[in-house]
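Below is one structure, written out as structure tokens; the observations come after it.
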Amino acid sequence: MRLTTKGRYAVTAMLDLAFHSQIKPVTLTDIATRQTISLSYLEQLFARLRRANMVKGIRGPGGGYTLAGKASDINVADIIAAVDEPLDATKCGGEANCQKDHACLTHDLWMGLSEQIRDYLKDITLSHLLEKHHIQEIAKRQEQDARHVIEIHRNTELISNHNDLL
């Protein structure tokens with residue numbers, strides 16, 4: 001089984017949202033900056049997360065996204081499933097047709113592993129992750145780094161605008 005970028009980014013973005021939306025809605029631009037994820041990619045992921053009722057959008061000034069429910073009710077397995085990422089270690093997608101329309105010798109082994117992975121990820125909620133001190137420290141560092149990047153962009157724009165006037 002291999003978790004693709006889609007699943008990893010969805011979990012990362014949801015954890016970022018859970019951390020930062022406790023005070024106010026979070027824009028996808030802010031998440032993209034902090035997590036170095038493409039904004040257009042995040043938009044695609046959040047469309048799926050919105051359809052799965054995991055996030056809700058808030059329009060207008062000061063708008064952005066918040067969790068649609070409590071962080072304690074959102075688990076990692078559901079986030080991955082919401083973005084159509086399979087949690088399956090089999091070669092056949094669980095269909096038992098891996099060898100000439102029949103189960104292969106190790107089918108049950110890989111099915112068992114898939115179930116273990118799903119169960120493990122179902123037991124981990126966003127609130128469990130938020131409680132970890134090192135995750136809080138990383139989120140705070142990312143926020144500081146993002147502010148620094150934004151300041152650099154603003155200063156570059158100001159210099160560019162100034163030069164255009166000259």
Answer yes if at least one residue in segment 99-110 is crowded, with 18+ Cβ neighbours inside 10 Å and more than 28 Å from the chain's Cα centre (by Cα), and no otherwise. yes
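Got at least one residue in segment 11-23 being among the aliphatic types (A, V, I, L, M), more than 11 Å from the chain's Cα centre (by Cα) and modelled with pLDDT under 95? Outline the logic, then answer.
Quick first cut of segment 11-23, residues among the aliphatic types (A, V, I, L, M) only: 11, 13-15, 17-18, 23.
Checking the rest, the ones that are also more than 11 Å from the chain's Cα centre (by Cα) come to 23.
Right, trim to modelled with pLDDT under 95 and you get 23.
Yes, segment 11-23 contains at least one residue that is among the aliphatic types (A, V, I, L, M), more than 11 Å from the chain's Cα centre (by Cα) and modelled with pLDDT under 95.
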How many of the residues making up segment 111-137 are more than 30 Å from GLY93 (Cα to Cα), surrounded by 13 or more Cβ atoms within 10 Å (Cβ to Cβ) and not polar (S, T, N, Q)? 2
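Yes/no per residue for (1) touching a Lys or Arg at 6+ places or on another chain (Cβ under 6 Å); (2) more than 18 Å from GLY57 (Cβ to Cβ); (3) surrounded by fewer than 18 Cβ atoms within 10 Å (Cβ to Cβ); (4) at pLDDT below 95:
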position	(1), (2), (3), (4)
LEU3	no, yes, yes, yes
GLY7	no, yes, no, yes
PRO25	no, no, no, no
ASP30	no, no, no, yes
What are the residues in segment 44-92 that are surrounded by fewer than 21 Cβ atoms within 10 Å (Cβ to Cβ), modelled with pLDDT of 95 or more and in a loop (DSSP other than H, G, I, E, B), if any? ALA52, ASN53, ALA68, GLY69, LYS70
Please go through segment 93-104 and pick out each residue that is part of a loop (DSSP other than H, G, I, E, B) and either within 15 Å of LYS122 (Cβ to Cβ) or out of contact with any strand residue (DSSP E or B) (no Cβ under 8 Å at 6 or more places or on another chain) (or both). GLY93, GLY94, GLU95, ASN97, CYS98, LYS100, ASP101, ALA103, CYS104
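The values are calculated or read from the model by the stated rules, or taken from the named source; none is laboratory data. Predicted, not measured: the structure shown is a model, and the values here were computed from it. Glycine gets a Cβ as well: all are built from the backbone with ideal geometry, and neighbour counts include every protein chain shown.
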